[in-house]
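For reference, the structure discussed in these notes is given below.
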Amino acid sequence: MRDSKHAIEINNLTKFFGDLQALDNVSFSVKRGDFFAFLGPNGAGKTTTINALTGLSNFKSGEIKIFGYNTRTEYVRTRPLVGLCAQEFNFDPFLTIYQILVYQAGYFGILPGEAARRADALLERFQLTSKRNVKHRALSGGMKKRLLLCRALIHDPEILILDEPTSGCDLELKFLIWDYLTQLNQEGKTIFLTTHYMEEAEKLCKTIGIINHGRIVRIGEKKEVLRDKSLETVFLEVTGNE
Ligand SMILES: Nc1ncnc2c1ncn2[C@@H]1O[C@H](COP(=O)(O)OP(=O)(O)O)[C@@H](O)[C@H]1O
Ligand SMILES: [Mg+2]
């Protein structure tokens, strides 16, 4: 791995879907070991940025580097450095959850014995061992979320990217996921998550980036960003005679 102080560097990223400009000259970086929240409303461009970062989609112009490696010209280097928890469940319906993990390890050249060891260790860590030999449709929603995490971690990536990891979760699961992510960050993983919950960014992260309409609106240390008066929400309760 290149000795870069930035885990992620995005420079002038621009992306169109037909006439729609989804990303407009997006530039920011994420430090090694950071816990970064990419905050923005629906349709802001969060998933599009993640897809570009992980090589799932192309972009018109700009450049992305992962630990100093270019995601376009050095894709073979950058992809193993990143683990992705997608927004949607996208598991192979014909495989058991254990097989899902072992097959995923294979994509990264991890040999079967080592893949089996890692799969069992992750299932244990995320309390899925009792479901090892069932298919994913037999899991509850919360278990599927945890399986997404296991799959993203099977190749022990330096950066964990999570697209709205707690949307649709009940409170208990949300807190459990927050705990896992905090632990993983303390173990040294750089975490990049997208969310449209200010509370989530406030609770978990060290750095916050805000995107709206494909443009970076604000970026900085959490405390600094949260001090910004223009981001405050004011709730008014109006009472009066009926
Ligand atoms: N595959 C696609 N084809 C056309 N438009 C898309 C596609 N994916 C995303 N978009 C559009 O790009 C914009 C950004 O979307 P997205 O990155 O998914 O937002 P977010 O993840 O912040 O909710 C939205 O206007 C969305 O409708
Ligand atoms: Mg999205």
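The values are calculated or read from the model by the stated rules, or taken from the named source; none is laboratory data. All figures in this text were calculated on a predicted structure; none of them were measured in a lab. Note: ideal-geometry Cβ built from the backbone for every residue, glycine included; neighbour counts use all protein chains shown. Accessible surface areas use protein heavy atoms only, side chains included; no ligands, DNA or RNA. Shrake-Rupley method; radii C 1.70, N 1.55, O 1.52, S 1.80 Å.
So for region 125-139 (the condition being among the basic types (Lys, Arg) and within 22 Å of Trp178 (Cα to Cα)), does at least one residue qualify?
We begin by selecting, within region 125-139, every residue among the basic types (Lys, Arg); these are 125, 131-132, 135, 137.
In the following step, the residues that additionally are within 22 Å of Trp178 (Cα to Cα) were identified as 125.
Yes: one or more hits.
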What are the residues in region 35-58 that are of a type in the set (A, V, I, L, M, F, W, C) and surrounded by 21 or more Cβ atoms within 10 Å (Cβ to Cβ), if any?
Phe35, Phe36, Ala37, Phe38, Leu39, Ala44, Ile50, Ala52, Leu53
Hey, can you tell me all the residues within region 73-115 that are aromatic (Phe, Trp, Tyr) and in contact with a Pro (Cβ under 9 Å, 6 or more places away or on another chain)?
Phe108
Selection within region 10-25 - open to solvent by 50 Å² or more (accessible area, probe 1.4 Å) and of a type outside the set (Phe, Trp, Tyr)
Asn11, Asn12, Gly18, Asp19, Leu20, Gln21, Asn25
Go through (1) of a type in the set (A, V, I, L, M, F, W, C); (2) touching a residue at least 60 places away in the same chain (Cβ under 8 Å); (3) surrounded by fewer than 20 Cβ atoms within 10 Å (Cβ to Cβ); (4) in a helix (DSSP H, G or I) and name the single condition Phe28 misses.
(4)
Residue list for region 24-48, restricted to those being in contact with a Ser or Thr (Cβ under 8 Å, 6 or more places away or on another chain), within 13 Å of ligand 1 (Cβ to nearest atom) and not hydrophobic (A, V, I, L, M, F, W, C)
Asp24, Gly40, Lys46, Thr47, Thr48
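Would it be correct to say that Tyr69 is farther than 16 Å from Leu148 by Cβ, in contact with a Lys or Arg (Cβ under 7 Å, 6 or more places away or on another chain) and crowded, with 16+ Cβ neighbours inside 10 Å?
Taking the combined requirement at face value, the residue satisfies it.
Residue by residue, here is whether (1) surrounded by 15 or more Cβ atoms within 10 Å (Cβ to Cβ); (2) among the basic types (Lys, Arg); (3) within 16 Å of ligand 1 (Cβ to nearest atom) holds:
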site	(1), (2), (3)
Cys85	yes, no, yes
Phe94	no, no, no
Ile97	yes, no, no
Val102	yes, no, no
Asn133	no, no, no
Leu149	yes, no, no
Leu162	yes, no, yes
Thr195	yes, no, yes
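When you look at Phe17, is it farther than 15 Å from Arg215 by Cβ, of a type in the set (Phe, Trp, Tyr) and away from ligand 1 (no atom under 12 Å from the Cβ), yes or no? Give the steps one after another, and end with the answer.
Values: farther than 15 Å from Arg215 by Cβ: yes; of a type in the set (Phe, Trp, Tyr): yes; away from ligand 1 (no atom under 12 Å from the Cβ): no.
Answer is no for this residue.
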Using the structure shown, decide if Gly209 is modelled with pLDDT of 95 or more, on the phi > 0 side of the Ramachandran plot, within 16 Å of ligand 1 (Cβ to nearest atom) and not β-branched (Val, Ile, Thr).
no
Can you run down the residue pairs with Cβ atoms below 6 Å, 6 or more apart or on separate chains, where the first is in region 207-234 and closer than 18 Å to Thr14 by Cβ and open to solvent by less than 50 Å² (accessible area, probe 1.4 Å) and the partner is at pLDDT 90 or above and in a loop (DSSP other than H, G, I, E, B)?
Ile211/Gly40; Ile211/Ala44; Ile211/Gly45; Gly214/Gly45
Kindly provide the set of residues from region 165-193 that are open to solvent by 20 Å² or more (accessible area, probe 1.4 Å) and within 16 Å of ligand 1 (Cβ to nearest atom), ordered by number.
Ser167, Gly168
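Within region 50-85, count every residue that is touching a Phe, Trp or Tyr at 6+ places or on another chain (Cβ under 7 Å), within 16 Å of ligand 2 (Cβ to nearest atom) and not small (Gly, Ala, Ser). Even if it seems obvious, please write down each step before you answer.
We begin by selecting, within region 50-85, every residue touching a Phe, Trp or Tyr at 6+ places or on another chain (Cβ under 7 Å); these are 52, 55, 60, 77-78, 80-81.
Add one more test, that the residue is within 16 Å of ligand 2 (Cβ to nearest atom), and what stays is 52.
Narrowing further to those that are not small (Gly, Ala, Ser): none.
The number of residues fulfilling the criteria is 0.
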Region 77-101: number of residues that are touching a residue at least 40 places away in the same chain (Cβ under 8 Å), assigned to a helix (DSSP H, G or I) and out of contact with any strand residue (DSSP E or B) (no Cβ under 8 Å at 6 or more places or on another chain):
3
